[in-house]
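Written out below as structure tokens is the structure these notes cover.
Throughout, read-outs are computed from the coordinates displayed, never taken from laboratory work. Values in this document were obtained by computation on a predicted structure and should not be read as measured data. Cβ atoms come from the backbone with ideal geometry, glycine included; neighbour counts cover every protein chain shown.
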Amino acid sequence: MATSVLTPNGHSSTNGTALAMAAPAEQPGLHVFSLAGRVALITGGGTGIGLEIARCMVAVGATVIITGRRESVLQESVVDLGEGAHYLVNDVSDLGGTDALIEQIEAEYGPLDILVNNAGINMKKPALEVTDEDFSRIIHTNLNAVFALTRAAARRMVPRGSGTIIMISSMAAYYGIDRVVAYAASKSAVEGMVKVLASEFSKDGVRVNAIAPGFIETEMSRTAMNSDPDRRDRAMRRTPMGKFGKPSDIGHAAVFLASEAARYVTGVSLPVDGGNSIGF
Ligand code: NDP
């Protein structure tokens, strides 16, 4: 006769079989957020959001490699970040260099565990004035380069059966922000890519997610907002928390998504936006 028992997790089972098979109880605690021993590549990690993602990851033990086009900026940032931070000069729009970049990182620092596709560019122009060259330039950096680097990293992560990839998306993928047609198109496409790649890679232990920052105070947003006070007011009006975010707000979210704490999270885009995406 079947008997009902309670497993250590509080789930009921029959005949005690689940009790016998139950996984050992886990100790909850901050250790699940640790990135000790992990190697992380953060594109565009010398400034703004990327720099704070790097700082947050270094703080929890990761070896972090930041990239960008300006060596002086990267040099300064690595000194600022301290032990655990390194840089490589790399232009993500040079798609032919993606395999070599990952190869060099793995040769110098060991298997790449975490890729953060953070580098991005924006341009504010009415859609009717956007040239084909403008449009292609934004799409190339924010989309084509993201795919090329992700593919290069995933070709190593998937056979190893582990890794995590984080895209930095934007509110521009969720609703119509005027004068950023190419940027919005690139970020919307990245959101689609996250779902497909998560669907293809997750069974092999590689999780793919995005963070969709709201309005975060960085050089990029300052340039867009300072010249356009009306835009700044509109952004604030629909942000329930009533303030802009800090780059470290994105850094903490990236640590979560990269860590064991998020081991059952894949294919999502996490808004970190003070409620901007649900504001009226
Ligand atoms: P920043 O302009 O401060 O940082 C962009 C970084 O990307 C720079 O370090 C830059 O370095 C690097 N970069 C740009 N082009 C290339 C390239 N071709 N190759 C390598 N690196 C490159 O902007 P943010 O920190 O604000 O933006 C970071 C990400 O966050 C972007 O993807 C952006 O779209 C996204 N985001 C930002 C929001 C905000 O409010 N700030 C809101 C939503 C999304 P260098 O010029 O030296 O190459």
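Restriction of the chymotrypsin sites (Phe, Trp or Tyr not before Pro) in the stretch 138-190 to DSSP coil positions whose beta-carbon has at most 15 other beta-carbons within 10 angstrom yields Tyr175. A straight Cα-to-Cα reach below 12 Å connects Lys243 with the aspartates and glutamates Glu217, Asp233, Asp273, residues fewer than 8 places away in its own chain not being considered. Here the dipole of the stretch 35-275 is about 700 debye; that uses its Cα centre as origin and unit charges on the Cβ of Lys and Arg (positive) and Asp and Glu (negative). Each of Ile53, Ile139, Ile211 has some number of other Cβ atoms within 10 Å of its Cβ, and from fewest to most they run Ile139, Ile211, Ile53.
Kindly identify the stretch 104-158 as rounded, prolate or oblate by the Cα gyration tensor criterion: order the square roots of the eigenvalues as a ≥ b ≥ c, call it rounded if a/c is under 1.5, otherwise compare a/b with b/c, prolate if a/b is larger, else oblate. Note, shape of the stretch 104-158 comes out prolate. The 3J(HN,Hα) values that the Karplus relation (6.51, -1.76, 1.60; θ = phi - 60°) gives for the stretch 26-37 are, in residue order, 9, 8, x, x, 5, 4, 5, 9, 5, 10, 4, x Hz. Gly and Pro appear as x.
The Kirkwood radius of the chain, taken over pairs of alpha-carbon atoms, gives through the Stokes-Einstein law at 20 °C and 1.002 mPa s a diffusion coefficient of 107 µm² s⁻¹. Residues whose amide H falls under 5 Å from that of Ala85, counting only those 5 or more places apart or on a different chain, are Val64, with hydrogens built in the peptide plane. Only Cα pairs under 8 Å and 6+ residues apart enter the sum, and on that basis the relative contact order of the chain stands at 18 percent. For the stretch 19-83, report the % of Cα-Cα distances exceeding 21 Å. Cα-Cα pairs in the stretch 19-83 separated by more than 21 Å: 36 percent. Mind checking which lysines have their Cα closer than 29 Å to the Cα of Lys246? Skip sequence neighbours fewer than 8 apart in that chain. The qualifying lysines are Lys124, Lys125, Lys187, Lys195. Of the GluC sites (Glu not before Pro) found in the stretch 30-99, those that fall in a DSSP loop while having at most 10 other beta-carbon atoms within 10 Å are Glu83.
Exposure proxy for Met220, Met193: other Cβ atoms within 10 Å of each Cβ, ordered fewest to most, give Met220, Met193. Would you mind pulling out the separation of the Cα centroids of the stretch 199-236 and the stretch 57-83, in Å? Between the Cα centre of the stretch 199-236 and that of the stretch 57-83, the gap is 21 Å. Between Arg237 and Val130, full extension at 0.36 nm per residue minus the direct alpha carbon distance yields a gain of 35.7 nm. What is the stretch 121-280 by shape, rounded, prolate or oblate, if you read a ≥ b ≥ c off the alpha carbon gyration tensor as root eigenvalues and call it rounded for a/c under 1.5, prolate for a/b larger than b/c, and oblate otherwise? Oblate shape, in that a/c is at least 1.5 and b/c is the bigger or equal ratio.
Loop-located trypsin sites (Lys or Arg not before Pro) across the stretch 234-280 with a Cβ neighbour count of 12 or fewer within 10 Å are Lys243, Arg263, with loop assigned by DSSP. Residues Tyr109, Tyr264 in ascending order of nearby Cβ atoms (within 10 Å, fewest first): Tyr264, Tyr109.
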